[in-house]
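What follows is one structure encoded as structure tokens, with my remarks underneath.
The values are calculated or read from the model by the stated rules, or taken from the named source; none is laboratory data. Predicted model, so just to flag it, every value in this text is computed and none were measured. We place every Cβ from the backbone using ideal geometry, glycine too, and count neighbours over all the protein chains shown. Surface accessibility is based on the protein's heavy atoms, side chains included, excluding ligands, DNA and RNA. Shrake-Rupley method; radii C 1.70, N 1.55, O 1.52, S 1.80 Å.
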Amino acid sequence: MFDSLAGFPLEDPIYVFTLSLAVFLVGPLLIKRLGQPGIVGIVLFGVVIGPDGTGLVAHSDAIELLGTVGLVYLLFTVGLELNLRGFFRAPENAALFGLASFFLPLTAGVVVCTTVLGFEFWPALLLSAVFASHTLLAYPIVNRYDITQNDAVTAVFGGILFTDTLALTLLAIVLGVAEGGGLSPLLIGQVVGSLVILFATVWLVVPPIARWFFYNLSDESYFEFLFVLVVVFAGASLAEILGLDGILGAFIAGVAFNRLIPQGNTLMNRIEFVGNAFFIPFFLLHVGMLVDVGVILDGPRTLQVAAVIVVTMLVTKFVAAWVVGGILSFDLTERAVMFGLSSGQAAAALAITLLGVEAGLFGAAELNAVVLMLLVTALVSPWVTERYSQQLALSDDTDLEGEDVADPRILLPLPPDSENRRDLLEFGFVLRDDSGTNPIHLLSVVRPNWSGKTEANVETVERQLDDLAEFAYAAEAPLEIETRVNHNVASGIARGAVETRSDLVILGWTPSKTFGEKVFGSIIDQVLDRTTIPVYVTHFGHPVNTTGHIRVVVPRGLDHHDGFYEGVYKIKRLADKLGVPITVYVFEERTHRYEQLFDLVEIDISAEFETVSDWDELQSDLQTASEPTDLVVTLSPRGGGVGWDDELETLPNRLVELPSQSFVVSYLREGEPDYDSQFLRID
């Protein structure tokens with residue numbers, strides 16, 4: 001259209017980059033008004049400005065380079081955001097649904113594509129793999145209705161680990177066939193051997209190196225991001241060296257980082273921000289510029305391919321959800337939610353399709369058809385999920401009452417010049433709900449200075465809190481800052497907890513002083529005396545996101561405390577967010593009683609239980625079993641309360657001697673006997 005106008009297509013890097021950024025901004029904003037996901041808007045704008053559209057921008061080497069980088073980054077985020085916790089809650093359910101929802105569409109797709117569309121076997125296999133996997137487009141819906149803990153929903157969450165891994169493995173085989181000319185035992189052996197080397201290398205090497213890096217350089221947050229990028233593209237490079245596609249290496253690297261970068265973490269938000277704002281949009285733009293609308297107008301082939309794959313995908317995903325749901329005794333509403341979630345398709349499908357185009361297995365008609373499939377599933381998946389998630393939420397009696405349970409109001413008092421304030425804030429991020437609206441309240445209490453320096457001290461403290469707030473804003477976590485002047489610091493903290501209606505107070509402990517003296521003097525004891533809400537006294541020897549195991553200490557008789565179930569719930573939630581196992585140490589002969597009590601509390605996370613006879617044996621067991629990345633959490637009453645033991649007074653000094661030096665003493669809620677019931681399952 002613009003061929004006759006001077007200066008088109010645009011070649012100047014500044015002009016091309018400016019137009020690209022405008023597309024990334026405008027495309028999603030416009031398309032979301034039509035109820036479509038933002039990725040569709042960027043692809044469509046890519047079609048418009050590309051060589052086969054208006055010709056505003058040439059499909060240059062720079063666009064192709066950034067598109068390839070975006071493709072690798074996209075598959076990394078897919079692996080990073082896989083719900084491994086959902087998988088480990090019920091791996092058998094996830095495996096059954098994942099395998100069924102992949103192989104049923106794959107088998108039917110191959111048959112239909114070869115017989116109805118006339119595809120050769122290998123292109124038919126790869127195209128079927130595209131829609132056999134699924135993307136959780138409708139995840140925000142089930143999260144909004146608070147049904148993410150439902151067994152049917154977690155089966156879909158865990159199942160995506162199988163569907164995505166199998167789809168990428170088939171991609172490696174099909175691309176190997178396309179390059180080598182046919183399937184042979186040698187090719188299968190090469191692919192399998194390469195996969196084993198890739199998985200083993202990334203999974204065995206990345207986690208320990210990452211933990212060491214995060215532990216030693218956690219103060220330089222942008223270095224953390226650069227480190228992640230280096231590892232991801234190193235994984236992609238290793239895959240290329242092994243004869244596989246780079247996106248498989250990036251995907252495996254994402255899975256390896258999965259437990260090390262929790263949702264809501266500052267680093268996770270940086271990764272998502274850069275990916276969503278820059279890398280992934282360039283991939284979508286790259287795909288859009290490859291789409292040729294003229295192919296649709298020239299004949300019915302594109303519409304025929306799109307109709308066949310959409311119908312095949314929806315029917316087989318429906319059958320898989322219905323059959324597996326029946327086997328697992330899910331009701332009709334749960335099966336409908338499974339179908340709605342598993343029918344979503346997004347950029348991962350485009351990624352596999354694009355590689356098929358580059359390998360010569362697909363043409364413009366197939367690429368256009370997959371884009372049309374995205375448009376259809378972007379309507380079907382959210383609509384079905386929305387309708388039946390609401391019904392499931394209304395019929396689910398196990399949901400917790402009140403938003404404060406999942407999204408606690410956290411008060412975080414910080415002394416001036418606190419050395420561990422970032423660790424404390426990271427811990428607060430993990431405890432809060434990722435989608436919650438309650439802010440973390442940062443509080444600093446300054447004692448009056450009779451020499452007239454009180455105002456200057458307040459200004460200094462406020463600047464320090466502002467610097468810390470920048471770190472919180474990077475995590476996109478709501479934050480409120482307050483500075484108080486009070487002769488009694490503990491009184492200022494207790495009053496702040498009341499005025500902010502806080503559900504939880506987090507305090508840090510310095511081991512160079514006695515436990516009673518804490519940071520400001522005898523602050524901890526005074527805060528415990530002046531409050532009844534849970535108080536967490538913490539010390540971190542490593543960043544909380546590098547935690548590999550939570551070890552829980554339950555004093556004798558604590559199960560009779562009014563706040564016991566809330567304390568257990570918060571431990572389960574912490575383990576769920578971090579994706580780590582739990583071992584519970586009890587001072588009772590019958591551990592099965594505590595197993596039953598833990599099972600009564602919401603959140604399906606299993607735990608191992610061990611019996612100790614006394615505190616010396618506990619210390620010995622912890623010293624022997626714990627690793628440098630463990631976190632010890634002790635449930636404790638306030639002094640003299642139900643379950644109190646004098647050994648609890650010196651326990652922190654013992655815990656700090658463990659290899660990890662990381663612990664939390666969780667002082668339970670007092671004086672509200674009815675509050676605990678909301679954390680229990682209701683049959």
Between L226 and H560, what is 0.36 nm times their sequence separation minus the Cα-Cα distance? Round to one decimal in nm. 115.3 nm
Say the dipole of the chain comes from +1 at the beta carbon of Lys and Arg and -1 at that of Asp and Glu; which of L658, Q149, T583 then lies farthest toward its positive end? Q149
Over the Cα atoms of the chain, Rg to Rh with Kirkwood Rh, two decimal places? 1.01
Using a 1.4 Å probe and ignoring any ligands, DNA or RNA, find the accessible area of V485 and quote it in Å² to the nearest 10. 80 Å²
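For the chain, what is the accessible area per residue in Å², given a 1.4 Å probe and the full set of protein chains?
For the chain, the per-residue accessible area is 40 Å².
Apply the a/c threshold of 1.5 to the C-alpha gyration tensor of the range 571-670 and tell me whether it is rounded, prolate or oblate.
The shape class here is rounded.
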If every Lys and Arg gets +1 and every Asp and Glu gets -1 at its Cβ, then about the Cα centre the chain yields a dipole, in debye to the nearest 20, of 1040 debye
Return the distance in nm (one decimal) between the two label points of a simple spin-label model at R530 and E11, each offset 7 Å from Cα along Cα→Cβ. 7.2 nm
At a probe size of 1.4 Å, how large is the accessible area of Y536, to the nearest 10 Å²? 10 Å²
For the charge dipole of the chain, defined by +1 on Lys and Arg C-beta atoms and -1 on Asp and Glu C-beta atoms about the Cα centroid, which residue among V485, L668, A277 has the Cα displaced farthest towards the positive pole? A277
How large a share of the accessible area of the chain, in percent, is made up of carbon and sulfur atoms when the probe is 1.4 Å and the other protein chains stay in place? 58 percent
What's the extension gain from V205 to E64 if we count 0.36 nm per residue and subtract their Cα-Cα distance? 47.7 nm
Gap separating the Cα centres of the range 536-573 and the range 61-128, nearest whole Å: 39 Å
So if R0 is 45 Å, what FRET efficiency would R387 and E608 give, r being the distance between their Cβ atoms, rounded to the nearest 0.05? 0.65
From the square roots a ≥ b ≥ c of the eigenvalues of the alpha-carbon gyration tensor of the range 217-308, which class results: rounded (a/c under 1.5), prolate (a/b over b/c), or oblate? prolate
In nm, to one decimal, how far is the N653 label point from the A22 one, both placed 7 Å along Cα→Cβ? 7.0 nm
